[in-house]
Structures are given as structure tokens and as C-alpha cells.
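**Student:** Before I ask anything, here is the structure I am working with.
The values are calculated or read from the model by the stated rules, or taken from the named source; none is laboratory data. Fair warning: this is a prediction, and the values are worked out from it, not measured in the lab. Don't worry about glycine lacking a Cβ; one is built from the backbone with ideal geometry, like all the others, and counts go over all protein chains shown.
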Amino acid sequence: MKTVLHNCRLITDGVITNGKAVIIENGKIAEVIEDTQIPADAKQVDLNNNYLAPGLIDLQVYGSGGKLLGSIYQEEALAQMEEDFLTQGTTGFFATIGTNSDEFFEKVIAAAKNYRDNCKGNFLGVHLEGPFLNPLRKGAHMAAYMHKATLDKVKLWLDLGDGVIKMMTIAPELQDDDVINYLIDQGIILSSGHSNATYQQGKTFLNNPIKAVTHLYNAMPQMHHREPGYIPAIFEERPYTSIVADGVHVDFAMIRLAKRELGDKLFLITDAVTETTEGIYPLHTLQGNYYVMPPHNTLSGSCLTMIRAVQNCVEHCDISLAEAVNMASLYPAQLASLNKGKIAPGFDADMIVFNDNFEVQATVLKGVI
């Protein structure tokens with residue numbers, strides 16, 4: 001049976017329209033029609049004039065509900081993330097793990113591969129943020145485990161994951177061309193992060209071959225009027241670039257600057273973690289509205305949700321609601337080559353319903369409300 005969502009304010013592709021209805025069939029968006037043209041035989045769902053937007057997509061998130069994937073490295077962490085994120089309107093996410101031992105990475109990769117076949121559908125794969133990072137920009141990551149990638153190791157991990165590894169954050173200035181070329185040939189999204197690249201180095205590898213940048217401003221050289229550093233190269237080359245819009249990792253004024261420079265290449269992530277004492281991963285400690293890593297209280301992950309990141313962009317960064325939704329759905333979908341991020345015929349029927357206070361009223365995943 002066809003399901004029709006109606007009486008909504010539709011947000012898609014940077015535009016908000018009224019008087020539209022969305023027909024769902026077989027987990028896909030079949031048609032967007034006028035509210036007056038609803039088929040008589042369709043199941044109708046009244047959205048009470050709330051916003052209907054593409055489901056939110058978080059390409060960098062570590063855990064939820066007290067379960068940190070990088071701590072317990074078990075399938076239950078992924079199940080917790082799926083459940084929690086559905087209540088938040090996040091219909092797609094890359095579960096992320098940070099720098100640690102080879103044994104740790106292999107356990108997480110194996111757990112993610114095993115979970116994939118039984119997941120609800122918003123778990124889309126794994127993002128490895130490490131260990132191939134630059135210790136000079138380690139942030140809260142453990143420098144002792146950071147090292148240059150080898151072809152043998154990345155082949156081993158990709159073989160173990162059997163397609164579950166989707167994205168890797170690396171320091172490109174430290175890697176050999178054969179490793180980068182192999183990862184690209186395997187369809188891995190490469191993002192530059194925890195990098196100490198110079199302006200000149202960034203100009204040589206951004207977009208070709210490195211398509212993305214991880215958490216803009218954080219764990220990278222800062223701008224200077226004599227030595228411009230990496231950030232001006234990012235602004236000039238305009239790769240897809242993620243940002244943590246919580247006002248703590250990045251001041252809202254700097255998000256406004258990044259949006260002016262990067263336009264439709266700036267997208268939102270949460271980089272969210274969860275407090276935990278389990279496993280070998282160091283304890284994240286909650287301080288106010290962000291997490292730190294003892295003993296030096298280095299900023300380490302957020303308490304952000306994707307819908308709150310959208311709200312922050314609207315309320316603090318002079319970004320329109322429709323464009324903030326693009327930053328949380330369309331642009332990450334484009335980077336990851338997903339059939340998501342728009343409410344248009346043929347796209348996956350993954351959507352979020354929320355009100356004027358940015359409170360999630362419903363989530364649609366694969367056409368199921």
C-alpha cells in the first residue's frame with residue numbers, strides 16, 4: 001500500500017514549500033504531489049503542519065546511551081546508536097572509532113561487519129579516525145598508537161571489514177601514494193584530519209585525491225598572516241568539510257566564516273561520544289556541554305545531536321533552516337554517494353518530522369514511520 005505524508009512544511013534541496021504531500025512506496029519516495037491530489041486508496045498520515053525534511057546523516061559519531069563503540073567494541077554499541085539516533089531523526093550514520101591498537105581496530109571492524117546484516121538500516125558503515133594521523137596534531141587521540149599507513153595493513157583491514165569500512169580520516173602529508181591510491185580504488189572516502197599540512201601541501205592534495213576534511217579548525221594548524229597554514233588552502237580548494245557546530249569545538253563566528261568560504265561543501269557532524277569506564281579506551285568525562293579526556297582535559301568529542309546542530313546553525317550562524325538541513329543531509333549524502341538527502345522521486349524514504357522548536361516528532365526509515 002502507498003503511504004502519503006501530508007499537511008506539512010516540506011524542506012528539500014534548500015527550499016521550504018507548503019501544500020505538498022509525499023507518497024512512499026516500497027521504501028522509496030514515489031512522488032511529491034499537491035496536497036489536493038492525494039490518491040483515495042493511499043494510507044494517509046497527517047503531519048500536523050510540522051516540518052518534513054530528509055533524514056539527517058552523521059558521518060562521524062562515536063557512541064550513544066553510555067555505550068562507546070571504541071570502548072566495548074561490540075555489536076550492542078551499534079544497536080544502541082541505531083535506536084537512539086532514530087529518536088533524534090538521524091537516519092544514517094558512520095560509526096566512528098579513534099586511534100588505538102591494531103587489535104582494537106580489528107575487533108571493532110569484525111563486530112561492525114557481523115552487525116551489518118542485522119541492523120535496522122541507519123547504520124551505514126564505519127569511519128576510522130586513525131591511526132594514520134599526525135602526532136603533532138593528536139588532539140585527544142593517543143599519539144603512541146599513531147603511525148604511517150602501510151599497504152599490507154590497510155589491505156588486511158579492508159579485507160576483514162568486507163565493505164563495512166566506508167571512510168578514513170588520515171594525515172595525507174605522511175602517507176605514501178600507493179596507500180592513498182589503493183584506498184581510493186576501494187571506494188574509501190578519504191578525509192584529511194589531525195594533519196599538520198602546510199598551505200602548500202594542502203593545495204597539492206585537497207580534492208585530488210583527498211575529497212574531504214575532518215572537523216574544520218580542530219586538530220590542524222591555525223591561520224596566521226605570515227604563514228597562512230592549512231585552513232586557507234581548505235577555503236580555496238573547497239573540499240567537502242565537516243564541522244562540529246556546538247559553539248564549543250568551534251565558535252559560531254568561525255562557523256559563519258566557514259560557511260561563507262565553503263558554501264555547499266560545509267557539512268555537519270556531531271563527533272559525539274558518551275561517558276564510559278569500560279574497555280581499554282580512555283575515559284571521556286562530561287564537563288558542561290562537551291567531553292574532555294583526562295588527565296589534561298583535552299577537548300574530546302561532543303554531546304551534540306544532528307538536529308541540535310541544525311538548530312545552532314539557524315539560531316547562531318545566520319544560516320537559513322533549509323540550508324542548515326542541507327548541511328545535515330544532502331551534503332553528507334553527496335560526499336558518501338548515498339541515495340539520500342532529498343525528498344524527491346527515487347530517493348530513499350528516510351525523513352525527519354520536527355516542529356518549530358526543533359523537537360523531533362517522528363522519523364521515517366526506509367518508508368517505515
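**Student:** Can you tell me which residue among ASP46, ASP84 is in contact with a strand residue (DSSP E or B) (Cβ under 6 Å, 6 or more places away or on another chain) and without any contact (Cβ under 8 Å) to a residue 24 or more places away in the chain? Spell out how you get there, then give the answer.
**Tutor:** Details: ASP46 fails: without any contact (Cβ under 8 Å) to a residue 24 or more places away in the chain.
Going through ASP46, ASP84 in turn, just one is in contact with a strand residue (DSSP E or B) (Cβ under 6 Å, 6 or more places away or on another chain) and without any contact (Cβ under 8 Å) to a residue 24 or more places away in the chain: ASP84.
**Student:** Filter the range 177-189 down to the residues that are among the hydrophobic types (A, V, I, L, M, F, W, C) and farther than 14 Å from ASP152 by Cα, then identify the one that is nearest to the chain's Cα centre (by Cα). Explain how you work it out, then say what you get.
**Tutor:** Initial filter on the range 177-189 (among the hydrophobic types (A, V, I, L, M, F, W, C)): 179-180, 183-184, 188-189.
Subsequent filtering for residues that are farther than 14 Å from ASP152 by Cα retains 184, 188-189.
Working: ILE184: 19, ILE188: 15, ILE189: 12 Å.
Residue satisfying both the conditions and the ranking: ILE189.
**Student:** Yes or no: ALA233 in contact with a Pro (Cβ under 9 Å, 6 or more places away or on another chain) and not in a strand (DSSP E or B)? Talk me through it step by step, then tell me what you get.
**Tutor:** Values: in contact with a Pro (Cβ under 9 Å, 6 or more places away or on another chain): no; not in a strand (DSSP E or B): yes.
It is false that ALA233 is in contact with a Pro (Cβ under 9 Å, 6 or more places away or on another chain) and not in a strand (DSSP E or B).
**Student:** Which one is nearest to LEU69 (Cα to Cα) among residues in the range 106-124 that are crowded, with 21+ Cβ neighbours inside 10 Å and of a type outside the set (Phe, Trp, Tyr)?
**Tutor:** Ranking the qualifying residues of the range 106-124, first place goes to VAL108.
**Student:** Can you give me the number of residues within the range 11-38 that are under 19 Å from GLY346 (Cα atoms) and surrounded by fewer than 24 Cβ atoms within 10 Å (Cβ to Cβ)?
**Tutor:** Within the range 11-38, the subset under 19 Å from GLY346 (Cα atoms) is 11-15, 20-34, 38.
Filter once more, so that each one left must be surrounded by fewer than 24 Cβ atoms within 10 Å (Cβ to Cβ): 13-15, 20, 23, 25-28, 30-34, 38.
Qualifying residue count, the range 11-38: 15.
The rows are residues; the columns are (1) more than 21 Å from the chain's Cα centre (by Cα); (2) buried (at least 22 other Cβ atoms within 10 Å of the Cβ); (3) within 30 Å of ASP117 (Cβ to Cβ); (4) outside the structural domain of THR99 (by TED's automatic domain parsing).
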{"position": "HIS147", "(1), (2), (3), (4)": "yes, no, no, no"}
{"position": "LEU156", "(1), (2), (3), (4)": "yes, no, yes, no"}
{"position": "SER191", "(1), (2), (3), (4)": "no, yes, yes, no"}
{"position": "SER195", "(1), (2), (3), (4)": "no, yes, no, no"}
{"position": "LYS203", "(1), (2), (3), (4)": "yes, no, no, no"}
{"position": "MET220", "(1), (2), (3), (4)": "no, yes, no, no"}
{"position": "HIS225", "(1), (2), (3), (4)": "yes, no, no, no"}
{"position": "THR241", "(1), (2), (3), (4)": "no, yes, no, no"}
